[in-house]
Structures are given as structure tokens and as C-alpha cells.
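K.L.:
Structure below; questions to follow.
The values are calculated or read from the model by the stated rules, or taken from the named source; none is laboratory data. Remember, predicted model here, so these are calculated numbers, not experimental data. Cβ atoms come from the backbone with ideal geometry, glycine included; neighbour counts cover every protein chain shown. Quick note on the areas: whole protein, heavy atoms, side chains included, nothing else; ligands and nucleic acids left out. Shrake-Rupley method; radii C 1.70, N 1.55, O 1.52, S 1.80 Å.
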Amino acid sequence: MNRVSFGQYPQAWYSLRASRSDPSFIDSRRVYQASLQQAEELWVAARAAGPAGRPLPLFYFLAQAGRAITVARGGTPAKAHGLTIGRPVVDDILKCTVEPGSRGWFQSVADATGSPGLHRPTELGALLASLPGFADHMPKGAPWPVALPVWTSALGTTWTESAGPDFVPGVVVFRGNPPSTVDALRAALAPYPDTSGVHPDQLGGPPVEDTSDGRGVVINWPRSAQVGPEFGPDGRWWLRPALHGTDAPPSCLMTWWAALFTLSMLARYHPVEWASALDPDRSPVAVLLERTMETALEVVPQLVLEAVSGAADHQEKRPSGGASSLP
């Protein structure tokens, strides 16, 4: 499913609205219908709001959509958020932490969609850096590993054939110059759980290849490896970093959930710090925060649709062939 918009209104909302009257879709229809109606109206309110107030309807749009997801996927309803935040770091709001609390909606939706959870305090900057497409918007010198684009359609038949029947080649594009030695490549890939199945003897050189994102390194994954990239357009998927150790990160939907929850709590309970962070004359992250909220308005409805329909189960699995089988 491509992320297509009519004007500024994502196509996903038309599909979600159509699902509300589908008699074959769901049993608990009244909860599903009411939750999606509120979610869409809150999304509209978030689009109309300015940056200072936008995080509140933006998060609660997703929270209401989460109720619909839970019903659609046979999950267990909850009574609490399931997350808490630490006090913001005044001089760097990206270091504000979100952490799991008692079981709540975050855990229910994660379980219903098969996403890894959040098991310990995590900085807002780490959440954003782990999302596809945020690498170029993070502040210079930010300490968090970023999601890396991986190209499969950029490779011709030579690479596909040389990988052999047991491996799938892909071009991993790093920020800046790609690693020039196998040891440097191993170190650069260490934060990414989806590379755990790559053997040193398969790193090979490492050879480089050009993509529209820049020069990248060709590596081969075992076909049997179970990895969970998020697909994107143009024959590209994303290699996402672990948030802690080697644990797989939450899905993009649940990473957005934790990030938007954090922004909403900052805006609601720490308005002075939030207003300071949004001041482009003084805050180096003001534009990042604005872009985060704009991106959420476009991307999250599609992720909700994929979760409701079960498409996320398919979308988050690596293609078994040498070329990308993108939606």
C-alpha cells in the first residue's frame, strides 16, 4: 500500500472510513466505529492546531485508533496509557525519557499487532532516530543510531547471482562515507539486530554501490533470517537500530506511539520547556519537532490502516527473493 494523499488528506483515512461499514470485517463494530470516528476527528484537529498545542490531539488520535486496532486484531482492552515520562532535560528536550508503566494501551496494541515492546526508559531522540527518514533531520553530533536505508532494486543480476541461493543482497547506505574495511563494517552494523544473521565471510570486501541515497555497502543476508524492515518506495527498506542492547525495536507504529505520547506529555505538563524547545531562534531542535509532527500527520494514518487490516504482518517481513516485493 503506497502512502498516497488527495491534497493533504491521506488516502488511508478513506480506506479506514470504508472499513467501518464492512459487515464482514469485525465483531465489536460499535467500539471500532466510534473509535475510528474520534480518531479521524482528532487527526483533523491536530492538522489545524499550531505546534504548541498539536501534540495533544495528535497523540489522542493515535490512542483512539489504538482502540480500533485492538478490537480489529482481537486484543485485550486496557484502562491506562502504559507509559510514563521523566522530567524533561531543559537544555536538550530530546533526552526526555519515556518508560513502560503498569500494563496499558501501549502494551495491548503492541501485543495485538505483534510488535516488540518498550522495556526500559528510552530517550525521545532515540525513538525519533530509529524511525525511517529521520537521519538527515537529527541534530549534528546526536548520539543515537539512525535508521539506515537498504536498497535491493538498485542491484543488478550480477549481485543477485553472486549472493548464491542462500543469501539476499542489499545495499546499506550509511551517513557519510561507508565503512572501508570489514572490521569497520562489523562495528557500524552492531546496533542493528537485523544484521545478526550476516556472517563475516559474507561481508566480502566490502564492495560498494551507488544509490539515490548515496554510496552504500553491499552485504548479504541469509534467506532464512527473520528480519523486520519497514518497506518504503523505490525498492528500499529500512534497517532500524535496537533501542537497548540487541533487542529489536518496537514497530514503527509503536515507536510513533511512544514518541507522540512523550510530546503530548511535554506539551501538557511542561509547557514552558515545550515552548522553549519550539523556538527556532534559540532551539536547535525546533525544526525537528515541527517536522516530526508534520510527518506523523502523514505517516501514522497509513500505519494504523496496515495494523487494522493485518497488512503490517506482511509489510514488516523481508522479501524472500533478491528483488524487493514492495507494496
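K.L.:
Would a scan of the range 168-183 turn up a residue that is assigned to a strand (DSSP E or B) and at pLDDT 85 or above?
P.N.:
yes
K.L.:
Identify all residues within the range 102-112 that are open to solvent by 20 Å² or more (accessible area, probe 1.4 Å) and either on the phi > 0 side of the Ramachandran plot or of a type in the set (Val, Ile, Thr) (or both); write none if there are none.
P.N.:
Selection gives nothing.
K.L.:
Under the condition of being small (Gly, Ala, Ser), within 25 Å of the chain's Cα centre (by Cα) and at pLDDT below 90, which residue from the range 3-41 is most open to solvent (accessible area, probe 1.4 Å)?
P.N.:
For the range 3-41, the residue satisfying everything is Gly7.
K.L.:
Inspect all residues belonging to the range 97-104 and state whether any of them is of a type in the set (Val, Ile, Thr) and over 16 Å from Asp194 (Cβ atoms).
P.N.:
Yes: the range 97-104 contains one or more residues that are of a type in the set (Val, Ile, Thr) and over 16 Å from Asp194 (Cβ atoms).
K.L.:
Please find, within the range 82-91, the residue that is farthest from Gly141 (Cα to Cα) out of those that are open to solvent by 40 Å² or more (accessible area, probe 1.4 Å) and in a loop (DSSP other than H, G, I, E, B).
P.N.:
Arg87
K.L.:
Go through (1) open to solvent by 30 Å² or more (accessible area, probe 1.4 Å); (2) more than 19 Å from the chain's Cα centre (by Cα) one by one and return the number of the condition Glu99 breaks.
P.N.:
Just one mismatch for Glu99, condition (2).
K.L.:
Any idea which residue in the range 42-81 is surrounded by the fewest Cβ atoms within 10 Å (Cβ to Cβ), counting only those that are of a type in the set (D, E, K, R) and part of a loop (DSSP other than H, G, I, E, B)?
P.N.:
For the range 42-81, the residue satisfying everything is Lys79.
K.L.:
Mind checking which pairs have a first residue in the range 116-142 that is in a helix (DSSP H, G or I) and a second that is of a type in the set (Gly, Ala, Ser) and open to solvent by 10 Å² or more (accessible area, probe 1.4 Å), Cβ under 7 Å, 6 or more apart or different chains?
P.N.:
Gly125/Ala142; Ala129/Ala142
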